[in-house]
1. So if I check each of B:ILE49, B:ILE90, which one is in a loop (DSSP other than H, G, I, E, B), under 19 Å from B:SER137 (Cα atoms) and touching a Pro at 6+ places or on another chain (Cβ under 7 Å)?
2. Scan (1) under 20 Å from B:SER23 (Cβ atoms); (2) not in a loop (DSSP other than H, G, I, E, B) for the single condition B:ILE140 breaks and write down its number.
3. Specify the residue that is farthest from the other protein chains (Cβ to nearest Cβ); the eligible residues are those in segment A:10-35 that are charged (D, E, K, R) and under 10 Å from the mean Cα position of the chain (by Cα).
4. Hey, among B:ILE59, B:ILE66, which residue is touching a helix residue (DSSP H, G or I) at 6+ places or on another chain (Cβ under 7 Å) and surrounded by 13 or more Cβ atoms within 10 Å (Cβ to Cβ)?
5. Take B:CYS101 and decide whether it is in a loop (DSSP other than H, G, I, E, B), under 29 Å from the mean Cα position of the chain (by Cα) and not hydroxyl-bearing (Ser, Thr, Tyr).
6. Has segment B:64-78 got any residue that is at pLDDT 95 or above, within 16 Å of the ligand (Cβ to nearest atom) and not acidic (Asp, Glu)?
7. Quick one: A:ALA91 ticks every box in (1) more than 8 Å from chain B (Cβ to nearest Cβ); (2) farther than 22 Å from B:ILE265 by Cα except a single one, so which number is it?
8. Which residues, counting only those in segment B:95-109, are surrounded by fewer than 19 Cβ atoms within 10 Å (Cβ to Cβ) and within 16 Å of the ligand (Cβ to nearest atom)?
Amino acid sequence: MTVRHPGGSASFEILGEDHTLGNALRYIIMKNPEVEFCGYSIPHPSEEKMNIRIQIYPEYWEHTKPYDALMKGLDDLADLCDHITHAFKEARDNFVEPGDNSEQR
Amino acid sequence: MDDYDTIYGSDRGPQITIKEADSRHAQIVLSNCDLAFANALRRIMLAEIPTIAIDIVEIQTNTSVIPDEFLCHRLGMVPLDSTNIDDKLIYTRDCFCDQYCERCSVTLSLHARCTGEDNVTVYARDLVIAEGAQLGSPVINDPEGQGTVICKLRKGQELRLKCIAKKGIAKEHAKWAPTAAVGFEYDPWNKLRHIDYWYEEDAKEEWPKSKYADWEEPPIEGEPFNYDAVPSRFYLDIESAGSLPPDEILQQGIKYLQEKLAAVIETFSNKNETGDGFGDGVRSPGQDYSMGGMGGGGAGYETPYQGGRTPFGGGGFGGATEYGGRLMGGHKCVAAVAMG
Ligand SMILES: [Zn+2]
């Protein structure tokens with residue numbers, strides 16, 4: 001097998017995951033400026049398999065592997081969840097029941 | 001938050017506004033957010049938040065007109081109080097017991113008999129929960145305090161049964177869904193043109209305005225179409241089935257999304273000795289499925305930078321790589337990598 005540029009791109013298969021994680025992860029990995037391409041696929045609906053493909057721009061091959069981009073994507077998504085939790089708690093604390101006569105935000 | 005700022009810029013990332021909320025539903029606006037994440041949240045709230053529902057029914061007597069299976073199905077659908085379920089109950093599959101116990105289940109019993117001339121209606125309130133149970137009581141929201149109808153009995157008919165309620169998620173069976181529905185809408189003025197409104201004569205006349213239309217600026221007449229625009233404001237209407245309040249549904253949704261991420265991170269972090277930056281699951285493509293992966297692997301597919309290779313590398317069918325065979329981890333979320 002000839003691998004001309006080992007590690008420049010890779011496909012990962014995640015078992016037990018679906019579009020819930022797949023699309024969100026794909027999106028956040030594409031936000032990474034070092035990533036040239038990221039796509040996901042669920043080859044068959046009756047198999048619980050989610051494949052995710054990552055290709056890194058050649059100029060970053062030296063120090064960034066697709067694995068790193070994947071891990072960064074997962075971390076970024078976790079950070080986003082933390083942020084949403086915070087935003088929701090804030091919104092809930094600021095929420096004024098309708099019918100309450102105090103000033104609506 | 002450094003990484004986070006580079007993703008979302010200086011604009012502080014997604015914001016949440018609660019439009020209206022009560023014990024049964026919540027309307028929230030997720031703004032400055034992307035479609036993929038908003039949809040992940042919607043999907044997870046629909047299918048992956050645990051609740052408790054009747055899973056096993058031991059029928060002693062059923063002389064009603066409803067067959068046993070029918071009755072069991074109806075009992076399964078009765079919403080049971082599931083607040084803070086993660087602190088109170090574990091899954092039976094994670095429990096040491098043989099079938100069920102008080103660590104992984106709640107028992108409810110039902111005994112009803114019609115003795116008079118008038119028919120008797122059996123309601124969810126007639127389910128008697130085992131003493132000391134921390135959750136699992138039938139949800140009753142109607143003003144009469146009866147709950148859902150389970151069955152009707154005429155003179156002489158009787159029901160005597162024991163129900164075992166267990167923890168589960170809606171991905172396995174819809175009875176575990178915490179939501180009755182999750183409304184999901186964006187772009188109420190259809191500025192992005194994701195919808196072609198069908199019409200008889202005039203779409204504007206025939207289609208009602210979205211209930212979220214007042215939350216966004218109407219389009220300006222003659223405004224050029226912005227083909228770069230993407231949705232960024234999402235209107236979610238979380239409608240609880242009764243087992244969990246809407247705010248807990250949302251918080252649990254985020255929690256389980258994070259648990260998913262943690263599980264995948266855990267699996268991938270388990271690096272192999274070669275130190276190539278890949279997890280244990282590295283395998284050659286085509287070893288246990290033939291070009292069945294992403295994109296179908298059409299021959300002759302080329303990436304711009306790596307000519308003459310298929311998406312799965314040059315190996316093709318059954319080609320072995322230096323990475324060896326596929327190893328399966330302990331978690332259900334096993335990850336594997338195809339090089340190339
Ligand atoms: Zn048990």
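1. Numbers: B:ILE90 fails: touching a Pro at 6+ places or on another chain (Cβ under 7 Å).
The match here is B:ILE49.
2. (2)
3. Taking segment A:10-35 and keeping what is charged (D, E, K, R), we get A:13, A:17-18, A:26, A:31, A:34.
Still in the running and under 10 Å from the mean Cα position of the chain (by Cα): A:26, A:31.
Values: A:ARG26: 7, A:LYS31: 5 Å.
For segment A:10-35, the residue satisfying everything is A:ARG26.
4. Values: B:ILE66 fails: touching a helix residue (DSSP H, G or I) at 6+ places or on another chain (Cβ under 7 Å).
Criteria check complete, one pass: B:ILE59.
5. Details: in a loop (DSSP other than H, G, I, E, B): yes; under 29 Å from the mean Cα position of the chain (by Cα): yes; not hydroxyl-bearing (Ser, Thr, Tyr): yes.
In short, yes.
6. The first filter runs over segment B:64-78 and keeps only residues at pLDDT 95 or above, leaving B:64-78.
Cutting the leftovers down to within 16 Å of the ligand (Cβ to nearest atom) gives us none.
No, segment B:64-78 contains no residue that is at pLDDT 95 or above, within 16 Å of the ligand (Cβ to nearest atom) and not acidic (Asp, Glu).
7. (1)
8. Let us first name the residues in segment B:95-109 that are surrounded by fewer than 19 Cβ atoms within 10 Å (Cβ to Cβ), namely B:95-103, B:109.
B:CYS95, B:PHE96, B:CYS97, B:ASP98, B:GLN99, B:TYR100, B:CYS101, B:GLU102, B:ARG103 - these are the residues of segment B:95-109 that are surrounded by fewer than 19 Cβ atoms within 10 Å (Cβ to Cβ) and within 16 Å of the ligand (Cβ to nearest atom).
The values are calculated or read from the model by the stated rules, or taken from the named source; none is laboratory data. Worth saying up front: this structure is predicted, and the values here are computed from it rather than measured. Neighbour counts run over all protein chains shown; Cβ positions are idealised from the backbone, glycine included.
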